[in-house]
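Here is the structure we will look at.
The values are calculated or read from the model by the stated rules, or taken from the named source; none is laboratory data. Small disclaimer: the values here were computed from a predicted structure and weren't measured. Virtual Cβ from ideal backbone geometry, glycine too; neighbours counted across all protein chains shown.
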Amino acid sequence: MGQVAVTERAARRIAEIMAAEGRDALRVAVLAGGCNGFQYRFELDAQADEDVVIERAGAKVVIDPVSLDLLAGAELDYAEELMGSYFAVKNPNAKSACGCGTSFSVD
């Protein structure tokens, strides 16, 4: 099972958000739902005992073990485009994704 990678661009943005909000980490989770079966959730949160912690350039990302199984080998990036800025997950486990990019399936 591969580790989740955090790009330098994503790490910089996470560190900025953590500093501005006075929070410990960005939680990346996979939840049931969305138009393809699973969806990503990003939220500022504290680390739990069972979490996997990824630290890079002053940023801390925490992922629960169940989500980690669905994110193995994925890359967390941060995109700034004309339509807005957002965290994006490049997930090799996703077999299909919806147009919005936040929902995927593994079938």
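If you take the residues of the range 28-50 that are among the acidic types (Asp, Glu) and touching a Leu at 6+ places or on another chain (Cβ under 9 Å), which of them is surrounded by the most Cβ atoms within 10 Å (Cβ to Cβ)? Quick ask: steps written out before the conclusion?
Kept after step one, since they are among the acidic types (Asp, Glu), are these residues of the range 28-50: 43, 45, 49-50.
Within this subset, residues satisfying the condition of being touching a Leu at 6+ places or on another chain (Cβ under 9 Å) are 43, 45.
Values: Glu43: 10, Asp45: 15.
That would be Asp45.
Is one or more of the residues making up the range 7-27 in a strand (DSSP E or B) and either more than 13 Å from the chain's Cα centre (by Cα) or surrounded by fewer than 17 Cβ atoms within 10 Å (Cβ to Cβ) (or both)? Give the steps one after another, and end with the answer.
Going through the range 7-27, the residues in a strand (DSSP E or B) turn out to be 25-27.
Filter once more, keeping what is either more than 13 Å from the chain's Cα centre (by Cα) or surrounded by fewer than 17 Cβ atoms within 10 Å (Cβ to Cβ) (or both): none.
Among the residues of the range 7-27, not one is in a strand (DSSP E or B) and either more than 13 Å from the chain's Cα centre (by Cα) or surrounded by fewer than 17 Cβ atoms within 10 Å (Cβ to Cβ) (or both), which makes the answer no.
Which residues, taken from the range 53-76, are more than 10 Å from the chain's Cα centre (by Cα), in a strand (DSSP E or B) and crowded, with 16+ Cβ neighbours inside 10 Å?
Ile54, Arg56, Ala59, Lys60
Here are the criteria: (1) modelled with pLDDT under 95; (2) surrounded by 17 or more Cβ atoms within 10 Å (Cβ to Cβ); (3) more than 10 Å from the chain's Cα centre (by Cα); (4) not in a loop (DSSP other than H, G, I, E, B). Tell me which single one Val89 does not satisfy.
Looking at each condition in turn, Val89 falls short on (3).
Search the range 59-86 for residues being closer than 26 Å to Ala46 by Cβ and acidic (Asp, Glu), and hand back the single one that is modelled with the lowest pLDDT.
Asp69
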